[in-house]
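Read the structure below first, then the notes.
The values are calculated or read from the model by the stated rules, or taken from the named source; none is laboratory data. Only a predicted model underlies this, so the values are computations on that prediction, with no experimental measurement involved. Don't worry about glycine lacking a Cβ; one is built from the backbone with ideal geometry, like all the others, and counts go over all protein chains shown.
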Amino acid sequence: MSQQKTAAPKAASETQLVARAQRGEEEAFAALFEMHKRRVYSLCLRMTGNTAEAEDLAQEAFLQLFRKISTFRGESAFSTWLHRLAVNVVLMHLRKKGLQQVSLDEVDSSQDEPVKRDYGDYDRRLMGSVDRISLTRAIAELPPGYRTVFVLHDVEGYEHNEIAEIMKCSVGNSKSQLHKARMKLRDWLRQNEGLMTPDEPVTSDQAPTER
């Protein structure tokens, strides 16, 4: 009950700030910036793997927010709407750079059946024991296309149908890209980190949770 009581004023405060920012109050916009800047920057950093680019893109995302906040209708949580905006900013940046991204429209003949989360026991040990710094480094090594889907699904919590809408691809392609991203992460971590051996026990808090 106490958490609900503390959460309600925060939500109400954000709603009020959004309404004030939509009326052009700069103080309200500044407060929204302070409230969300770390999360937006972290999202940009995970998607680009580059701190300088992440800083620039986070700033661009808030510039876009300043221009477009009047279009927010409250049909979703403000944070969700803002993160979608930030994702679009990063995707536009990646397309303009012309990076060698994995096409989300590419047909993958090796995936004739629906992709399954087929981590073996060793993979569970590996992924469950990785510290955040190692995982961040590993994510940065992913090709941009894989990295985007991995970050959206496994880090930001988007469902595949939402990713498909954002990325303008099919749900099947989103699942395929996530599967490949996880396999690449597993391989990178095996090659670069002396983490755990197959014979080591795994505690319940080490194993990653499955969505």
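Tabulated data
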| read-out | value |
| --- | --- |
| Members of the stretch 49-68 found to be over 19 Å from Thr80 (Cα atoms) and polar (S, T, N, Q), listed by number | Asn50, Thr51 |
| Boolean, Val87 is modelled with pLDDT of 85 or more, assigned by TED's automatic domain parsing to the domain that holds Leu185 and at negative phi | no |
| One residue from Leu57, Leu43 being within 24 Å of Ala164 (Cβ to Cβ) and in contact with an Asp or Glu (Cβ under 7 Å, 6 or more places away or on another chain) | Leu43 |
| Helices (runs of 4 or more DSSP H) fully within the stretch 1-68 counting 1 or more residues that are modelled with pLDDT of 90 or more and within 27 Å of Ala181 (Cβ to Cβ) | 26-48, 51-68 |
